[in-house]
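The values are calculated or read from the model by the stated rules, or taken from the named source; none is laboratory data. Treat the numbers as computed from the prediction; the structure is a model and nothing was measured. Heads up, the Cβs are rebuilt from the backbone with ideal geometry, glycines too, and the neighbour counts pull from every protein chain shown. Please note that ligands, DNA and RNA were not included when accessible areas were found on the heavy atoms of the full protein model with its side chains. Shrake-Rupley method; radii C 1.70, N 1.55, O 1.52, S 1.80 Å.
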Amino acid sequence: MTDSPTVRAALRSPRLLRTEVLAGLVVALALIPEAISFSIIAGVDPRVGLFASFTMAVAISFLGGRPAMISAATGAVALVVAPVMRDHGYDHLIATVLLGGLIQIALAVAGVAKLMRFIPRSVMVGFVNALAILIFEAQLDHLVDVPWAVYPMIAAGIAVIVGLPRVTNVIPAPLVAIVALTAFTIVAAIDVPDVGDEGDLPDSLPELFLPDVPFAWHTLEVIAPYALAMALVGILESLLTAKLVDDITDTPSDKTREAMGQGAANVITGFFGGMGGCAMIGQTMINVKVSGARTRLSTFLAGTFLLVLVVGFGDVVALIPMAALVAVMVMVSVGTFDWHSIRPATLRRMPRSETTVMVSTVLVTVLTHNLAIGVLVGVLVAMTLFARRVAHLTETHRELVEDERGVMAVYRVTGELFFASSNDLYTQFEYAEDPDRVVIDLSDSHIWDASTVAALDAITTTYERKDKSVTITGLNDSSAARHRRLSGELPSH
């Protein structure tokens, strides 16, 4: 992997600077309606989501470990904290955000980012495809019960986004589409849904806020479950997004710093009365894949532009037709989906287990509208199928060998011995037919868990009941230590 361009390099290069500035502007425009809609999901005033998006983006641009990734108020976090707002009120919501941020910092210190290496590629593909589907699905609300003019406007916006890059890349095509369609609706006086219809935009800057909640154990009992869920969902989505950006840009990121930065950003957001958030995959794709941004500058400017636009130019921003933003997000959805993964040729070559993991991740994510749950289910399915596949690779070969003491049965076991494979190990022996001496050769095996030791104990006990002796040979150091420590100490069932 190569290193990402630095902010200093971007500031010294007019070309890079233009890319970062325009990318930040496009992301800011796309953030506004989404932040408002997420505020509605959480049951709070639109300013809470907008200010959360500002503070999250600006804070993570300094504290995060993945340059050019966008963090803001998100639907996943909004769904988690919505019950707190509904049942306990705004102050408890902010307390939940603050505690969630502190939990994220603690998880980062504990090394949770290292768990990312256990997420298989098939889960990542499912995650990306499900994300694309959810982004497209979110646009359907803006296509139902709307004036007929919305449809040709969306088509025109898509045509600009697809066609303009073939002519020039000086200005991001999404920005041109937004400006052109906004100008068209104003000049032609066409009445179509706009950003102003999504909710009222704030007219003042965010202020420091301290939640008025009892500093008592009962308060912790109320907010802790939601704070933990928010922390886990936020970190998972953020680290997955960081890995996705790593792959797109072919540059590395610091996952531990990113997890810690997410926590710190949520604490800062909470103290400014924001609803919390995490990495925004759709907006990150706009920033990195569509607009070509690569540095922290674009993330910082996205937050800054957002605040300037909604506070200083709210009247103008309110006139942007939703059709323009829908066109942008539809193309983000199309560009995000891994079309190669569903080609017939790919599906024929890919092992069925890999396809099963990918499809299960997509289905669960789309049905629950929760990327974190989908990924967890995908990982569990992958683990189960992997254990099943490895278990079938374990074999037992029996051979009768004669020496000066007579005939003995030698069982050579090959493969990895763990709970999935060792449960069948007991049935692989000829207890009645074997001679008085039995040797179990584990030179080509490894004992991984207590289930295997218990299986070996059961085999030995069965032979001893028939007055036959069992010798276990060929154990490597790790297996021998585990067997020595656990043998005879496990209850039989």
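Conditions first: (1) open to solvent by less than 40 Å² (accessible area, probe 1.4 Å); (2) at pLDDT 90 or above. Residue 420 passes all but one, so which condition is the exception?
Just one mismatch for residue 420, condition (2).
Look at residue 375 and say whether it is at pLDDT below 90, in contact with an Asp or Glu (Cβ under 7 Å, 6 or more places away or on another chain), more than 21 Å from residue 434 (Cα to Cα) and open to solvent by less than 40 Å² (accessible area, probe 1.4 Å).
Judged against the criteria, residue 375 is not a match.
Do the conditions hold for residue 18, that is, is it among the charged types (D, E, K, R) and touching a Pro at 6+ places or on another chain (Cβ under 6 Å)?
no
Report, by residue number, each residue of segment 323-378 that is among the aromatic types (Phe, Trp, Tyr) and touching a residue at least 12 places away in the same chain (Cβ under 8 Å).
337
Matching residues to (1) on the phi > 0 side of the Ramachandran plot; (2) open to solvent by less than 40 Å² (accessible area, probe 1.4 Å); (3) in a helix (DSSP H, G or I):
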{"residue": "50", "(1), (2), (3)": "no, yes, yes"}
{"residue": "69", "(1), (2), (3)": "no, yes, no"}
{"residue": "115", "(1), (2), (3)": "no, no, yes"}
{"residue": "123", "(1), (2), (3)": "no, yes, yes"}
{"residue": "128", "(1), (2), (3)": "no, yes, yes"}
{"residue": "132", "(1), (2), (3)": "no, yes, yes"}
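List the helices (runs of 4 or more DSSP H) that sit entirely inside segment 222-319 and contain at least 3 residues that are farther than 23 Å from residue 374 by Cβ, in contact with a Phe, Trp or Tyr (Cβ under 7 Å, 6 or more places away or on another chain) and open to solvent by less than 30 Å² (accessible area, probe 1.4 Å).
So the answer is 296-312.
What are the residues in segment 461-480 that are open to solvent by 30 Å² or more (accessible area, probe 1.4 Å) and either assigned to a helix (DSSP H, G or I) or not polar (S, T, N, Q) (or both), if any?
461, 464, 465, 466, 467, 470, 472, 474, 475, 477, 478, listed by residue number.
Every residue in segment 432-460 that is open to solvent by less than 10 Å² (accessible area, probe 1.4 Å) and within 13 Å of residue 410 (Cα to Cα), please.
Passing the criteria: 434, 438, 440, 442.
Out of 58, 44, 80, 21, I need the residue that is open to solvent by 10 Å² or more (accessible area, probe 1.4 Å) and in a loop (DSSP other than H, G, I, E, B). Which one?
44
Could you tell me whether residue 140 is in contact with a His (Cβ under 8 Å, 6 or more places away or on another chain), among the aliphatic types (A, V, I, L, M), open to solvent by 40 Å² or more (accessible area, probe 1.4 Å) and modelled with pLDDT under 90?
no
Just checking, how many residues over segment 12-61 are farther than 26 Å from residue 171 by Cα and aromatic (Phe, Trp, Tyr)?
Going through segment 12-61 one residue at a time, the tally reaches 2.
If you check 154, 158, which single one turns out to be surrounded by 21 or more Cβ atoms within 10 Å (Cβ to Cβ), under 30 Å from the mean Cα position of the chain (by Cα) and farther than 19 Å from residue 341 by Cβ?
154
For segment 203-221, which positions are open to solvent by less than 90 Å² (accessible area, probe 1.4 Å), of a type outside the set (Val, Ile, Thr) and within 31 Å of the chain's Cα centre (by Cα)?
206, 209, 211, 220
One residue is enough: does segment 179-192 have a residue meeting the conditions open to solvent by 60 Å² or more (accessible area, probe 1.4 Å) and within 31 Å of the chain's Cα centre (by Cα)?
Among the residues of segment 179-192, not one is open to solvent by 60 Å² or more (accessible area, probe 1.4 Å) and within 31 Å of the chain's Cα centre (by Cα), which makes the answer no.
Tell me yes or no: at least one residue of segment 84-103 is open to solvent by less than 30 Å² (accessible area, probe 1.4 Å), within 22 Å of residue 301 (Cβ to Cβ) and either modelled with pLDDT of 95 or more or assigned to a loop (DSSP other than H, G, I, E, B) (or both).
No, there is no match, as no residue in segment 84-103 is open to solvent by less than 30 Å² (accessible area, probe 1.4 Å), within 22 Å of residue 301 (Cβ to Cβ) and either modelled with pLDDT of 95 or more or assigned to a loop (DSSP other than H, G, I, E, B) (or both).
List the number of the failed condition for residue 3; all other conditions in (1) open to solvent by 10 Å² or more (accessible area, probe 1.4 Å); (2) touching a Gly at 6+ places or on another chain (Cβ under 6 Å); (3) of a type outside the set (A, V, I, L, M) hold.
Of the numbered conditions (1) open to solvent by 10 Å² or more (accessible area, probe 1.4 Å); (2) touching a Gly at 6+ places or on another chain (Cβ under 6 Å); (3) of a type outside the set (A, V, I, L, M), the odd one out for residue 3 is (2).
Using the structure shown, decide if residue 382 is part of a helix (DSSP H, G or I), open to solvent by less than 30 Å² (accessible area, probe 1.4 Å) and over 26 Å from residue 277 (Cα atoms).
yes
Within segment 385-415, track down each residue that is of a type in the set (Gly, Ala, Ser) and open to solvent by 40 Å² or more (accessible area, probe 1.4 Å).
None - no residue of segment 385-415 is of a type in the set (Gly, Ala, Ser) and open to solvent by 40 Å² or more (accessible area, probe 1.4 Å), so the list stays empty.
Here is a list: 459, 447. Which entry is at pLDDT below 95, β-branched (Val, Ile, Thr) and farther than 11 Å from residue 487 by Cβ?
It is 459.
Just the residues that are among the β-branched types (Val, Ile, Thr) and open to solvent by 10 Å² or more (accessible area, probe 1.4 Å), please, taken from segment 320-335.
If the condition is that a residue be among the β-branched types (Val, Ile, Thr) and open to solvent by 10 Å² or more (accessible area, probe 1.4 Å), then 320, 330, 334 are the ones that fit.
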